[in-house]
Structures are given as C-alpha cells and as structure tokens.
Amino acid sequence: MSRLADLRFRTATTFQRHIGNPVLRRLPLQTVLETTGRVSGLPRQTPVGGRRVGDSFWLVSEFGERSQYVRNIKANPRVRVRIRGRWHEGTAHLLPDDDPVARLRSLPRMNSAAVRVLGTGLLTVRVDLRG
C-alpha cells in the first residue's frame, strides 16, 4: 500500500472510530452492521451505507480486508443489520470477485461517493438476511 493510501486509511479510520461511528450508530434510522469481535467476542456496531435487495443486504467496504468489521466477518460471518430501525440476523459473505465500483452505482449515492473518495481497497459484502 502506498504511503498516501496508508495515510488516508489511518486518517479515515481514526475519525470514524472516535467521532463518526459513535455519533452515527446512535441515529435511529442509520443502517448499522453488528459483528462479533474476533478477539473480544463482544458485539461491534459499525454504521454502514448499503441497500436491501430482497432477502440480501449489499454494501461495499472502503478498506476491504483492512476494515475491522471485515476481519470480524472472516472470523464469524453471523451478523445483524439494523435497517430502518429494525434488526435482522444474517450471514455475511465477502465477494472479492464482485466489481465493487459497479456495485456502488446501485447503492445510495452519498455513501457511495464517500466510499469511492476515501476507499483504498474496495470489497463487496453481501448479507443474506433471515426474517
């Protein structure tokens, strides 16, 4: 990873961890992905942008396998997603063969624009929802 990409990653993740995520996950209509911490075993909630299509929820991770929630999914794919204030259980799948740039075109514009600008290793994630 280039020095510029690493700087963008560290700056964005520091902001998200300490300012953005604590505020956004409290908003009742914000979409939130809940994973299980791979070391702690505790629930970890991350605000995300994405879209439900049928029984699946699609999102694109801006930092791919460097994202903490992606690392948690690799350890345990059982997740929950809060969509419009309602929690749904599901199983997450990392899709490295999917075209994340094309996928972003079908997802909400504001989030997709931020992911494209900040992202350094895009990765598509699909959550198969139950209930």
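The values are calculated or read from the model by the stated rules, or taken from the named source; none is laboratory data. A quick note: this is a predicted structure, and the numbers were derived from the prediction, not measured. Quick reminder, even Gly has a Cβ in these numbers, built from the backbone with ideal geometry, and neighbours come from all protein chains shown. Side chains are part of the model used for accessible areas, which takes the heavy atoms of the whole protein and leaves out ligands, DNA and RNA. Shrake-Rupley method; radii C 1.70, N 1.55, O 1.52, S 1.80 Å.
If you roll a 1.4 angstrom probe over the protein chains with everything in place, what fraction of the accessible area of the chain belongs to carbon and sulfur, to the nearest %?
Of the solvent-accessible surface of the chain, carbon and sulfur hold 54 percent.
Place a +1 charge on the Cβ of each Lys and Arg in the range 70-131 and a -1 charge on the Cβ of each Asp and Glu, then give the dipole magnitude about the Cα centre in debye, rounded to the nearest 20.
Dipole magnitude for the range 70-131 comes out near 320 debye.
Output the relative contact order of the range 58-127, whole-number percent, from Cα pairs under 8 angstrom with separation of 6+ residues.
Once normalised by length, the contact order is 52 percent.
For Cα pairs less than 8 Å apart in space and 6+ apart in sequence, what is the mean separation divided by the residue count of the chain, i.e. the relative contact order in percent?
Once normalised by length, the contact order is 29 percent.
Apply the Karplus parameterisation 6.51 cos²θ - 1.76 cosθ + 1.60, with θ equal to phi minus 60°, to every residue of the range 51-61 and state each ³J(HN,Hα) to the nearest whole Hz, in sequence, with x for glycine and proline.
Along the range 51-61, the couplings run 8, 7, 10, x, 9, 10, 10, 10, 8, 10, 7 Hz.
Specify whether the C-alpha gyration tensor of the range 59-131 places it in the rounded, prolate or oblate class, a ≥ b ≥ c being the square roots of the eigenvalues: rounded for a/c under 1.5, otherwise prolate if a/b is larger than b/c and oblate if not.
Taking the square roots of the gyration eigenvalues as a ≥ b ≥ c, the range 59-131 is oblate.
Okay, helix-only estimate at 222 nm for the chain: each DSSP H run of n ≥ 4 adds -39500 (n - 2.57), divide by all residues, round to 500 deg cm²/dmol; what do you get?
Per the formula, -8000 deg cm²/dmol.
Ranked by accessible surface with a 1.4 Å probe, highest first, in what order do Leu24, Leu104 come?
Leu24, Leu104
To the nearest 10 square angstrom, how much accessible area does Leu4 have with a 1.4 angstrom probe?
Result for Leu4: roughly 110 Å² accessible.
Just one of (i) 107; (ii) 116; (iii) 156 is volume of the Cα convex hull per residue in Å³ calculated from these coordinates, so which is it?
Correct label is (i).
How much length, in nm to one decimal, is gained on full extension between Arg17 and Asp97, taken as 0.36 nm per residue of separation minus their Cα-Cα distance?
26.0 nm
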